[in-house]
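*Asks:* Dumping the structure here so I can ask a few things about it.
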2 protein chains.
Amino acid sequence: MTLFLNSPAALAEQSLAGLATLRADILRLGEGGRHIVRRTPSPGKVALVSGGGAGHEPMHCGFVGHGMLDAACQGPVFTSPTPDRVLAAAADVTGPQGALFIVKNYDGDRLNFDMAAEMASGHLRGPVRQLIVEDEAIDLSRGEAALNRRGLAGTMVVQKIVGAAAERGADLEHLVSLGSRVVGRTRTVGVAFPAPGAGEAPSDEIEFGVGIHGEPGRFRLKREAAHLIVARMVTVVLESLAPPPDARLLMVLNGFGGMPMIELQWMAGEVCQALRQATGRRTLTVARALTGNYVTCLDMAGCSLTLTLLDDMLLDLWDAPVHAHALRWGM
Amino acid sequence: MTLFLNSPAALAEQSLAGLATLRADILRLGEGGRHIVRRTPSPGKVALVSGGGAGHEPMHCGFVGHGMLDAACQGPVFTSPTPDRVLAAAADVTGPQGALFIVKNYDGDRLNFDMAAEMASGHLRGPVRQLIVEDEAIDLSRGEAALNRRGLAGTMVVQKIVGAAAERGADLEHLVSLGSRVVGRTRTVGVAFPAPGAGEAPSDEIEFGVGIHGEPGRFRLKREAAHLIVARMVTVVLESLAPPPDARLLMVLNGFGGMPMIELQWMAGEVCQALRQATGRRTLTVARALTGNYVTCLDMAGCSLTLTLLDDMLLDLWDAPVHAHALRWGM
């Protein structure tokens, strides 16, 4: 899973330190070496704090910067940061306007950010609210109360859009409401090729509906013609998203770390075509599109498709200037 | 080598079409489907034209846009485009100010761009000059006349800096001179882990001094402690670059497509530390740094380190606004 370093435990912290060194122009390593904060804070705004296990680089720490996150904390590979680490990150950036924790829907992250939020009173200078991202398109709960949709690459869309609003001075309640709206309008599905074990031949199956921790997919399918895989991904996301006939979409085609760029580019075009064909009487528009390795799973061979239903306000916030390590435009 | 598509022949063209669909806001697919041009040309400037085999995405077509290339043409995977394709790309963007062909030092690219340049008179509206990029740090020619240094990830540095000057209206002769200066101040070395054959265990060796076509390295080394590999990369590049004691450097740590982002980030920090330690009485500064998958070799597991010796003018041109698919800032 890793190439150069044999100790994943050390790798997570060393990678974070590497990022801080590399991007000393905009980032600073927090005390203890487990979180990243903006080098130049924007005063008087709500602090956006996120985090999770390592192994998903550049998420989350690569999204710290103007117009996106204020701080991100990181646990070991695929392991949530502990509450004290979340709190340390939040304490570094939270003022009287308070903090919004953006949390992926995974048990570990939920638990640790919950505890940090409980511990916050007395430790932070302002109130804390949490925003749970659950953008997975496949919901196995079938209407039951339990949340069964995981937080996937849609997390970065939420962070970008809410980050832009925070940068413009929106208050905590507005950001919670905006964030919930974006989560509700964002759906993701991932596919991956199972990594062959040592000495094994490559599999002729694909995992459909994978998370970002190397776990099995929701289903396993026989490998089929490439455009059929794409059509299936588009169908699953659209069924969950249920866009109106004239919807404008943001598309993020995210590589998991081991997918060749030549194929990501190909698939991006294929998704656009499949969206047109899948529409029937609808006239869906891909208003914005982004392709690259943003939410990885070490070097997993696969990718995820995220679609967000835009409106004028969300489009404007998506287009707003951002300057993080892994996302930059307009400045 | 590829995941979803079994036909590399079709993949190259489909990937290009995908890019054009994805980035229809700034790019347009050329007639014949083998080259990419800017959607909105900048009138009255020298046209920058580059290209090469597919499999290196996002290079070259992902670097077409404001402040960088005007057109890029693409051959099949790891195969140079034919002269007629180079000429078709150039014809789409070349005005009376002429065109600069930016060519990686590989036999196939040299031959085909040479022939295109010869055919250009009568076909293009302005003069053509060529700029050969040969940034490989390891030169096996040992002083002989033959050029033995290949064009590697330093190509994107040359394209960015020369592209900025062209955007500002520099003439063809100035761009040739500037480009030669950047090539002379840019050195790259790559390392990769050999891909195990089906049924083989991963190798305990690394290829040192690899190109970008999956060919063997200049040397094969026993895998050693990660920081020693990095130190060796830094040493080789610095020895070839021979920077003055107070040099300011641009560092590009480029993933080949199959290197986990968590390790790229780690290595970026390690390179900065190694540069400090390698300096002796020197005080080298990493003035700008960039890390990501920019010049790939399908999904090769490895990366390359590029260092460019900056001065005030080169730094200013590097910082100038750019808006290509794969590189964007300042706009």
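*Asks:* Kindly indicate whether A:Val271 is surrounded by fewer than 21 Cβ atoms within 10 Å (Cβ to Cβ) and modelled with pLDDT of 90 or more.
*Replies:* No: the conditions fail for A:Val271.
*Asks:* Does segment B:1-11 contain at least one residue that is open to solvent by less than 20 Å² (accessible area, probe 1.4 Å), in contact with a helix residue (DSSP H, G or I) (Cβ under 6 Å, 6 or more places away or on another chain) and at pLDDT 95 or above?
*Replies:* No - not one qualifying residue is present in segment B:1-11.
*Asks:* Looking only at residues that are without any contact (Cβ under 8 Å) to a residue 60 or more places away in the chain and under 24 Å from B:Gly126 (Cα atoms) in segment B:17-30, which one is least open to solvent (accessible area, probe 1.4 Å)?
*Replies:* B:Leu29
*Asks:* Hey, another quick one. Within segment B:231-247, how many residues turn out to be open to solvent by 10 Å² or more (accessible area, probe 1.4 Å) and either in contact with a Gly (Cβ under 7 Å, 6 or more places away or on another chain) or farther than 21 Å from B:Leu152 by Cα (or both)?
*Replies:* 3
*Asks:* Also, quick follow-up: Given the conditions (1) within 26 Å of A:Met259 (Cβ to Cβ); (2) open to solvent by 50 Å² or more (accessible area, probe 1.4 Å); (3) under 19 Å from the mean Cα position of the chain (by Cα), and given that A:His66 satisfies all but one, which numbered condition is not satisfied?
*Replies:* Going through (1) within 26 Å of A:Met259 (Cβ to Cβ); (2) open to solvent by 50 Å² or more (accessible area, probe 1.4 Å); (3) under 19 Å from the mean Cα position of the chain (by Cα) one by one, A:His66 breaks only (1).
*Asks:* Right, A:Ala88: assigned to a helix (DSSP H, G or I), more than 10 Å from chain B (Cβ to nearest Cβ) and touching a Pro at 6+ places or on another chain (Cβ under 8 Å) or not?
*Replies:* No.
*Asks:* List the strands (runs of 3 or more DSSP E) that sit entirely inside segment B:213-311 and contain at least 2 residues that are farther than 25 Å from B:Tyr106 by Cβ and more than 9 Å from chain A (Cβ to nearest Cβ).
*Replies:* Hits in segment B:213-311: B:248-255, B:285-292.
*Asks:* Evaluate segment B:54-63: report whether one residue or more is more than 13 Å from the chain's Cα centre (by Cα) and open to solvent by less than 10 Å² (accessible area, probe 1.4 Å).
*Replies:* Within segment B:54-63 (the criterion being more than 13 Å from the chain's Cα centre (by Cα) and open to solvent by less than 10 Å² (accessible area, probe 1.4 Å)), the answer is no, since none of the residues qualifies.
*Asks:* Could you count how many residues in segment B:150-185 are within 15 Å of the chain's Cα centre (by Cα) and hydroxyl-bearing (Ser, Thr, Tyr)?
*Replies:* 2
*Asks:* Taking B:Leu253 and the conditions (1) exposed (fewer than 15 other Cβ atoms within 10 Å of the Cβ); (2) in the same structural domain as B:Leu307 (by TED's automatic domain parsing), which numbered condition does it fall short on, given that it satisfies the others?
*Replies:* All conditions pass for B:Leu253, except number (1).
*Asks:* Residues that are among the basic types (Lys, Arg) and away from every other protein chain (no Cβ under 12 Å): find the strands (runs of 3 or more DSSP E) completely inside segment A:1-79 holding 1 or more of those.
*Replies:* The strands (runs of 3 or more DSSP E) meeting that bar are A:27-29, A:35-38.
*Asks:* Kindly establish whether A:Leu178 is outside the structural domain of A:Leu253 (by TED's automatic domain parsing), part of a helix (DSSP H, G or I), surrounded by 15 or more Cβ atoms within 10 Å (Cβ to Cβ) and at pLDDT 90 or above.
*Replies:* Taking the combined requirement at face value, the residue satisfies it.
*Asks:* Out of all the residues in segment A:41-60, which are among the hydroxyl-bearing types (Ser, Thr, Tyr) and at pLDDT 95 or above?
*Replies:* Passing the criteria: only A:Ser50.
*Asks:* While we're looking at this one, here's another question. Return the residue satisfying two criteria in turn: it lies in segment A:312-331 and is buried (at least 19 other Cβ atoms within 10 Å of the Cβ) and within 11 Å of chain B (Cβ to nearest Cβ), and of such residues it is farthest from A:Thr296 (Cα to Cα).
*Replies:* A:Val322
*Asks:* Applying the selection to segment A:32-46, what residues are free of Cβ contacts under 8 Å to residues at least 60 places away in the same chain and on the phi < 0 side of the Ramachandran plot?
*Replies:* Result: A:Arg34, A:His35, A:Ile36, A:Val37, A:Arg38, A:Arg39, A:Thr40, A:Pro41, A:Pro43.
*Asks:* Related question: Which ones in segment A:158-199 are more than 14 Å from chain B (Cβ to nearest Cβ), β-branched (Val, Ile, Thr) and in contact with a Gly (Cβ under 9 Å, 6 or more places away or on another chain)?
*Replies:* Across segment A:158-199, the qualifying residues are A:Val158, A:Ile161, A:Val162, A:Val182, A:Val183, A:Thr186, A:Thr188, A:Val189.
The values are calculated or read from the model by the stated rules, or taken from the named source; none is laboratory data. Values in this document were obtained by computation on a predicted structure and should not be read as measured data. Counting neighbours? That spans all protein chains shown, and the Cβs are built from the backbone with ideal geometry, glycine included. Heads up: the accessible areas ignore ligands, DNA and RNA and are worked out on the full protein's heavy atoms, side chains in. Shrake-Rupley method; radii C 1.70, N 1.55, O 1.52, S 1.80 Å.
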